[in-house]
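K.L.:
Structure in structure tokens, see below.
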Amino acid sequence: MNNDIIIEKLKSFNFSKAEAQVYMTLIRYGELNGSQVSKLIGLNRGTVYTALNNLYERGAIVLLPEQTNVYRAENPKTLIENLTEKYILEYKNSAEILKKEFEKMEEKDTVKVESINLKGYMNFILKAKSLIYSAESELYIETNDNLVDFYEEFRELVEKDVDLYIRVYTNEKVIELVNEDFPESFNEIGFNDKNSKERKTMIVVDNEKALIGNGKKGDDFIATFTNNNYLVSIISDRIHYSIYLDNIVKNEGINYLKKHKINSLHEENILKKIKKYLKI
């Protein structure tokens, strides 16, 4: 029996060196009291008594009945089984606690994000793919860009029964797509507007996160991701108002808008775009 190896291994189970020595002494010599153990291993009595008390509390040794302070070691096989079971349970509990704490940190980090600025069309595409794929309830998009880059993400959402609403516009027309239009109509949409100088996209996911971007297809493309409630609501409102405005003009005519103008600088642009979209 190699005492040094056993003592080192016991220390890996949180035995102190003194506790491991005391336990091994009881294994070798049988039933002993504190004074006898102290003499055999050359440690002072205080250290030995502390070790005996700790070993007794963890179930590594037993106190013999009807004898004054006489101990014997627990069967090594039983001790190892008990230690293994105890430490496996402790490690599992620790792992669960760590998992929950890290999840809390991730949740806090997500909340703290607020807004991130992106530069470059490919960075926008990667962020858009990640955002689209994360949708659990609904996704709506307004864009004049090509949808082919997001085909696989749309397919996943349709399979998950996530509600899709996509409004694709150019200087000539507006096309509205929903789940039932996938995949046929999605393949027909592309960036074919020769008169448009830049690509523009707005994406809202689950009414919690949004991504907007515009620019040419290169490093000049600028985008912003946000999970700020107010900013998300503004982007969401913008998409919804476009839908409502289209329907108002279709049903009431462009004169309805003219009657309710507030004569702002922005209104003339709105009216020009609507006339082109709806071919008025």
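The values are calculated or read from the model by the stated rules, or taken from the named source; none is laboratory data. These figures come from a predicted structure and were not determined experimentally. In this analysis, Cβ positions are derived from the backbone assuming ideal geometry, glycine residues included, and neighbour counts consider all displayed protein chains.
K.L.:
Within region 30-59, restricting attention to residues that are assigned to a loop (DSSP other than H, G, I, E, B) and out of contact with any strand residue (DSSP E or B) (no Cβ under 7 Å at 6 or more places or on another chain), which residue is surrounded by the fewest Cβ atoms within 10 Å (Cβ to Cβ)?
P.N.:
Checked region 30-59; the qualifying residue surrounded by the fewest Cβ atoms within 10 Å (Cβ to Cβ) is Gly42.
K.L.:
Taking Leu177 as meeting all but one of (1) surrounded by fewer than 14 Cβ atoms within 10 Å (Cβ to Cβ); (2) modelled with pLDDT under 90, write down the number of the exception.
P.N.:
(1)
Table: residues versus (1) under 24 Å from Lys197 (Cα atoms); (2) surrounded by fewer than 14 Cβ atoms within 10 Å (Cβ to Cβ).
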site: Met122; (1), (2): yes, yes
site: Lys129; (1), (2): yes, no
site: Ile141; (1), (2): yes, no
site: Asn146; (1), (2): yes, no
site: Glu152; (1), (2): no, yes
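K.L.:
A follow-up question, please. Given the options Asn75, Asn82, Asn93, name the one that is on the phi < 0 side of the Ramachandran plot, surrounded by 13 or more Cβ atoms within 10 Å (Cβ to Cβ) and not β-branched (Val, Ile, Thr).
P.N.:
After ruling out the rest, the residue left standing is Asn82.
K.L.:
Look through Asn228, Asn247 and report the one residue that is surrounded by fewer than 19 Cβ atoms within 10 Å (Cβ to Cβ) and touching an Asp or Glu at 6+ places or on another chain (Cβ under 6 Å).
P.N.:
One residue alone meets the criteria, Asn228.
K.L.:
Any residue in region 217-225 that is part of a loop (DSSP other than H, G, I, E, B) and either at positive phi or loosely packed, with under 12 Cβ neighbours inside 10 Å (or both)?
P.N.:
There is at least one residue in region 217-225 that is part of a loop (DSSP other than H, G, I, E, B) and either at positive phi or loosely packed, with under 12 Cβ neighbours inside 10 Å (or both).
K.L.:
Next question. Looking only at region 247-280, how many residues end up being at pLDDT 75 or above and aromatic (Phe, Trp, Tyr)?
P.N.:
Residues that pass the stated criteria total 1.
K.L.:
Would you mind telling me which numbered condition in (1) of a type in the set (S, T, N, Q); (2) assigned to a helix (DSSP H, G or I); (3) in contact (Cβ under 8 Å) with a residue 12 or more places away in the chain Gln67 fails?
P.N.:
Checking Gln67 against (1) of a type in the set (S, T, N, Q); (2) assigned to a helix (DSSP H, G or I); (3) in contact (Cβ under 8 Å) with a residue 12 or more places away in the chain, the one that fails is (2).
K.L.:
Among the candidates Glu8, Glu96, single out the residue that is over 30 Å from Asn227 (Cβ atoms), assigned to a helix (DSSP H, G or I) and modelled with pLDDT of 85 or more.
P.N.:
Exactly one residue qualifies, and that residue is Glu8.
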